[in-house]
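**Student:** Questions regarding the structure given below will be posed in turn.
The values are calculated or read from the model by the stated rules, or taken from the named source; none is laboratory data. None of the values given here were measured: they were computed from a predicted structure. A quick note on method: Cβ atoms are made from the backbone with ideal geometry, for glycine too, and the neighbour counts reach across all protein chains shown.
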Amino acid sequence: MISSRPYLVSALFDWIVDSDMTPYILVDATNKDSIVPQQYVEDGKIVLNLSPQATESLSIEKEFVMFSARFAGKAMEVSFPMDAVMAIYAKENGQGMVFQEHDDSNPTDPDPNKKSISDTGKGESSKTEKVTRPSLKIVK
């Protein structure tokens, strides 16, 4: 499956803005394709204000997030790949979502012990089948 991250980032951005709050996004500034103001990077991460008042020409696409903004009065074009997005949340109450460091949507090395229903026959369960449970994180 394709990554759900761009869809979630876009939906959460809309939800935060529609709730009259300020969308903040946490970005991995060490990503080689990230173009962010380096003077504001701390521990390889940067928090950016994505509110319509703080950005111009904001574009949240499947592969990249891009916008223009002013930092210390100086205009800058900012862009970073979607996989560099670590979290998106509302400044006022912290509600939002933290993403896993690596997106598991396109595994490069599938587990040979894990079987799908089609691998085991007519919906029969296999004793070697590995079952994984989804996990959720609470963001305060």
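**Student:** Answer yes or no as to whether S79 is hydroxyl-bearing (S, T, Y) and within 19 Å of I16 (Cβ to Cβ).
**Tutor:** So S79 fails the test.
This table checks each residue for (1) at pLDDT below 95; (2) more than 19 Å from V139 (Cα to Cα).
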site: F13; (1), (2): no, no
site: P23; (1), (2): no, no
site: D28; (1), (2): no, no
site: N49; (1), (2): no, no
site: F64; (1), (2): no, yes
site: F71; (1), (2): yes, yes
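**Student:** Right, another one. One residue is enough: does the range 117-128 have a residue meeting the conditions part of a loop (DSSP other than H, G, I, E, B), of a type outside the set (V, I, T) and modelled with pLDDT of 95 or more?
**Tutor:** Within the range 117-128 (the criterion being part of a loop (DSSP other than H, G, I, E, B), of a type outside the set (V, I, T) and modelled with pLDDT of 95 or more), the answer is no, since none of the residues qualifies.
**Student:** Say whether the condition of being under 15 Å from the mean Cα position of the chain (by Cα), buried (at least 17 other Cβ atoms within 10 Å of the Cβ), among the hydroxyl-bearing types (S, T, Y) and within 17 Å of Y89 (Cβ to Cβ) is met by at least one residue in the range 22-32.
**Tutor:** Checked the range 22-32: at least one residue is under 15 Å from the mean Cα position of the chain (by Cα), buried (at least 17 other Cβ atoms within 10 Å of the Cβ), among the hydroxyl-bearing types (S, T, Y) and within 17 Å of Y89 (Cβ to Cβ).
**Student:** Please go through the range 50-71 and give me each residue that is in a loop (DSSP other than H, G, I, E, B) and in contact (Cβ under 8 Å) with a residue 12 or more places away in the chain, ordered by number.
**Tutor:** Within the range 50-71, L50, S51, P52, A54, T55, E61, K62, E63 meet the criteria.
**Student:** If you scan the range 69-85, which residues turn out to be over 22 Å from S10 (Cβ atoms) and surrounded by fewer than 13 Cβ atoms within 10 Å (Cβ to Cβ)?
**Tutor:** Selection gives R70, A72, G73, K74, A75.
Yes/no matrix, rows are residues, columns are (1) in contact with a helix residue (DSSP H, G or I) (Cβ under 8 Å, 6 or more places away or on another chain); (2) of a type in the set (A, V, I, L, M, F, W, C):
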position: N31; (1), (2): yes, no
position: V36; (1), (2): no, yes
position: G44; (1), (2): no, no
position: F64; (1), (2): yes, yes
position: A75; (1), (2): no, yes
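**Student:** Those residues that are over 14 Å from E77 (Cβ atoms) and part of a loop (DSSP other than H, G, I, E, B), I need them from the range 20-41; list them, please.
**Tutor:** Hits for the range 20-41 are D20, M21, T22, A29, T30, N31, K32, V41.
**Student:** Do you know which residues across the range 72-83 are under 11 Å from P6 (Cα atoms) and not in a strand (DSSP E or B)?
**Tutor:** M82, D83, listed by residue number.
**Student:** Let me ask something additional. Identify, by number, the condition in (1) touching a strand residue (DSSP E or B) at 6+ places or on another chain (Cβ under 9 Å); (2) under 24 Å from V139 (Cα atoms) that I35 doesn't meet.
**Tutor:** (2)
**Student:** Just name the residue that is surrounded by the most Cβ atoms within 10 Å (Cβ to Cβ) out of those in the range 46-68 that are more than 21 Å from K32 (Cβ to Cβ) and among the small types (G, A, S).
**Tutor:** Going through the qualifying residues, I end up with S51.
**Student:** May I pose another question? Return the pair list, or none, for Cβ contacts closer than 7 Å from residues in the range 1-22 that are free of Cβ contacts under 8 Å to residues at least 12 places away in the same chain to residues that are assigned to a helix (DSSP H, G or I), at least 6 apart or on different chains.
**Tutor:** Within 7 Å, no pair qualifies.
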